[in-house]
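K.L.:
Mind having a look at this structure? Questions to follow.
The values are calculated or read from the model by the stated rules, or taken from the named source; none is laboratory data. Not measured: the values here are computed from a predicted model. Because the Cβ atoms are built from the backbone with ideal geometry, glycine has one as well, and the counts that use them run over all protein chains shown. Each accessible area value is taken on the protein alone, full model and side chains, heavy atoms only, with ligands, DNA and RNA left out. Shrake-Rupley method; radii C 1.70, N 1.55, O 1.52, S 1.80 Å.
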Amino acid sequence: MNHRKTQIGVLAVQGAFAEHIAMLKRCQADAFEIRSLKDLQHPIDGLILPGGESTVQIKLLHELGLFNPLKSLLENGLPVYGTCAGLILLAEKIENDIQKSFALMDITVIRNAYGRQLGSFFVQGVFNQKEIPMPFIRAPLIHRAGNSVEILSTVNHDIVAAKQQNKLVTAFHPEVTLDSTVHHYFLRMVQQYKNNQTEKSIA
């Protein structure tokens, strides 16, 4: 059985990737930056798509030749966690926008949903039945979620965290807090994926 440490790739072409890496290390997981195709030669058990500017991230993913290889990994079940811009990259539909995302999660999102007055704010909210700090920074929200999407958190009736199969998303930024609840939740998804891969290799 493979007992190597869990390896999480963090997309590092733009945005707040350093905070995710620091949080993963606090969770005792190994994290590495994904900046080019050669980085995908590294063993990978999960992927984090950080906050930032989604249009810039998509442009860079295509320019660096990363878009299709990453999409293929996700379509084949690799666990992925998207925060803010990462949520937008995973959504099947983005309201009032025609940008081409990975489009793998049955959700519709609204970019910069809270407008300028609430561009950045902080609340205590419930994620998967546990109260945690939730910083929102020019955040999107999930306007619609398909029947197969599990809603993990709402704030004022807006969906701000959800899961569908191997995909986890939050509109807020837990990586800038000291609370590791969301990252541990994602790492449990990753561990289940690793267990399933091990069972397949044994069968």
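K.L.:
Apply the a/c threshold of 1.5 to the C-alpha gyration tensor of region 1-62 and tell me whether it is rounded, prolate or oblate.
P.N.:
Since a/c reaches 1.5 but b/c is at least a/b, the shape of region 1-62 is classed as oblate.
K.L.:
Considering only the chain, what is the antiparallel percent among its DSSP beta bridges, to the nearest 5?
P.N.:
Around 55 percent of the beta bridges assigned by DSSP in the chain are antiparallel ones.
K.L.:
What accessible surface, in Å², does a 1.4 Å probe find on LEU66, ignoring ligands, DNA and RNA and rounding to the nearest 10?
P.N.:
For LEU66, the solvent-accessible surface is approximately 0 Å².
K.L.:
Given the Cα-Cα distance of SER148 and SER36 and 0.36 nm per residue of separation, how much length would full extension add, in nm?
P.N.:
37.0 nm
K.L.:
Does region 132-203 come out rounded, prolate or oblate by the C-alpha gyration tensor, with a ≥ b ≥ c the root eigenvalues, rounded set by a/c under 1.5 and, if not, prolate when a/b is larger than b/c and oblate if not?
P.N.:
Cα axes put region 132-203 in the oblate bin.
K.L.:
Quick one: putting +1 on the C-beta of Lys and Arg, -1 on the C-beta of Asp and Glu, what dipole do you get for the chain around its Cα centre, in Debye to the nearest 20?
P.N.:
220
K.L.:
Can you pull the percent of the chain's accessible area that's carbon plus sulfur, 1.4 Å probe, other chains left in place?
P.N.:
So the carbon and sulfur contribution to the accessible surface is 49 percent.
K.L.:
Now for a separate question. For all pairs of alpha-carbon atoms in the chain, what percent lies in each bin of width 5 Å, listed from the first bin to the last filled one?
P.N.:
Pairs per bin, as whole percents: 1, 8, 17, 21, 22, 16, 9, 4, 1, 0, 0, 0.
K.L.:
Please give, to one decimal in nm, the separation of the simple spin-label points placed at ASN112 and ASN68, each 7 Å out from Cα toward the Cβ.
P.N.:
3.3
K.L.:
Please give the FRET efficiency for CYS27 paired with GLN129, using the beta carbon to beta carbon distance and R0 = 30 Å, rounded to the nearest 0.05.
P.N.:
0.95
K.L.:
Going highest first, how would you order 26-32, 50-56 by mean Cβ packing within 10 Å?
P.N.:
50-56, 26-32
K.L.:
Name the residue from SER153, ALA139, GLN164 whose Cα lies farthest towards the positive end of the charge dipole of region 95-166, charges +1 on Cβ of Lys and Arg and -1 on Cβ of Asp and Glu.
P.N.:
Working it through, the farthest residue towards the positive pole turns out to be ALA139.
K.L.:
Taking only protein heavy atoms into account and a 1.4 Å probe, give the accessible area per residue of region 1-58 in Å².
P.N.:
That works out to 45 Å² for each residue.
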